[in-house]
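Nothing in this text is a laboratory measurement; each read-out follows from the coordinates by a stated rule. Quick caveat: nothing in here was measured; it's all calculated off a predicted structure. FYI the Cβ positions are ideal-geometry reconstructions off the backbone, even for glycines, and counts take in every protein chain you see.
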């Protein structure tokens, strides 16, 4: 069974760093791109970026380029989303998702994690 | 890179059909057949309904169908059911990235 299990909710202060994770199981991790999607409270979905775990090829939305870093560790089948300095505007639920095999569209996700809520407050 | 434009809300009665539009530009929706649609119930992760404009993943009801004309893609739900009440998002290929629509809240009256 394919599963993407994300790390738990985080509460951080402005300026702090953070790295959240997405642990995959039930399939060959290196064969599928993993993407990250932001959903701010009460708002819509935003495509942030995507990584190919096999070779770490990474693409970012222009809106998120330079604001976050996406990485992956294929030895433990995990993908990561990290911030070097959080802001209050980073408060959101962050989803990881698997791009399905054979798709040319970086937004075609067939399996999703449960989401990680990030709260930033002084 | 701006979000695709969707109506904020649509509504329909059980058994009826509704259509949700998704308008982009010639740089995204209008330039290829890579448009997908998602359904999201409150507090849940999105679910893929349609990919490549009109294809349904295995297990998705054939009550959901997609189409595209020019810079506008559309999602049609036929035979509305109460469980269809949710938020719906389109998503288009945009070069090396992707862009979502702003989302449409479907209310089943």
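Numbers below:
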quantity	calculated
Whole-number percent relative contact order across chain A, with pairs defined as alpha carbons under 8 Å at least 6 apart	36 percent
Solution diffusion estimate, µm²/s, Stokes-Einstein, the protein assembly as shown, Kirkwood Rh from C-alpha pairs, 4 °C, viscosity 1.567 mPa s	72 µm²/s
The stretch B:66-106-the stretch B:1-24 distance, computed between alpha-carbon centres (Å)	7 Å
Average Cα contact separation per residue, chain B, under 8 Å, 6 or more apart, as relative contact order %	38 percent
Using a Förster distance of 45 Å, the FRET efficiency for residue A:67-residue B:13 (Cβ separation, nearest 0.05)	0.55
Per-residue mean of C-beta atoms belonging to partner chains within 10 Å, peptide B:79-91	1
FRET efficiency, residue B:55 to residue A:27 (Cβ-Cβ, R0 30 Å, nearest 0.05)	0.90
Estimated Rh, the stretch A:45-122: Kirkwood, alpha-carbon pairs, angstrom	13.6 Å
Label point distance in nm, residue A:121-residue A:75, each placed 7 Å from Cα along Cα→Cβ	3.8 nm
Inverse of mean 1/r across different Cα pairs in chain B, Kirkwood, Å	13.7 Å
Zone residues, the stretch A:95-122, relative to residue A:10, backbone N less than 17 Å from point 7 Å out along Cα-to-Cβ	A:95-97, A:113-122
